[in-house]
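The values are calculated or read from the model by the stated rules, or taken from the named source; none is laboratory data. What you see is a predicted model, and the numbers here were worked out from it, not measured in a lab. Don't worry about glycine lacking a Cβ; one is built from the backbone with ideal geometry, like all the others, and counts go over all protein chains shown. Just so you know, the surface numbers come from the protein's heavy atoms only, side chains and all, with ligands and any DNA or RNA stripped out. Shrake-Rupley method; radii C 1.70, N 1.55, O 1.52, S 1.80 Å.
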Amino acid sequence: MPCDSVFAGHGDPGDSPGSGHPHRAFTGKAQVRTNGAALFAAMPNFLDDLLQSLQDGDTLWTEWRWVGTLHDGTRSDRRGVILFGVGGDRIVWGRSI
């Protein structure tokens, strides 16, 4: 499954406070994988492009473009910022803004 390699860099607990979407907050690496699997299932031709990134200490700021086509034929083209907390070589939390 594609998300196995994509989310391999996530450490535990995989916390996502969800400030951009507070009702979507979660904790746990298993939920990171579940969310990723749902994304790939809904949009099999999903492509991402890291537009910019900047690291300051243990915080990594990233700007993304995500594109793909949903099963109903609707084209998706989204851009957004995700902040990540890093510890060693692992992502320990993430927050979309």
Phi to ³J(HN,Hα) by Karplus 6.51 cos²θ - 1.76 cosθ + 1.60 over the range 80-93, Hz, x for Gly, Pro: x, 10, 10, 9, 10, x, 10, x, x, 10, 10, 7, 10, 7
Using a Förster distance of 22 Å, the FRET efficiency for Ala42-Trp64 (Cβ separation, nearest 0.05): 0.85
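Please give the FRET efficiency for Asp72 paired with Lys29, using the beta carbon to beta carbon distance and R0 = 30 Å, rounded to the nearest 0.05. Could the numbers behind the result be given before it?
On the way: r = 31 Å, r/R0 = 1.02.
Calculated value: 0.45.
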Using θ = phi - 60° and Karplus 6.51 cos²θ - 1.76 cosθ + 1.60, couplings along the range 52-63 (whole Hz; Gly, Pro as x): 8, 8, 8, 10, 10, x, 9, 10, 10, 9, 9, 10
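Which whole-number value in Å² is the accessible area per residue of the range 40-97, probe 1.4 Å?
Per-residue accessible area for the range 40-97 comes out at 67 Å².
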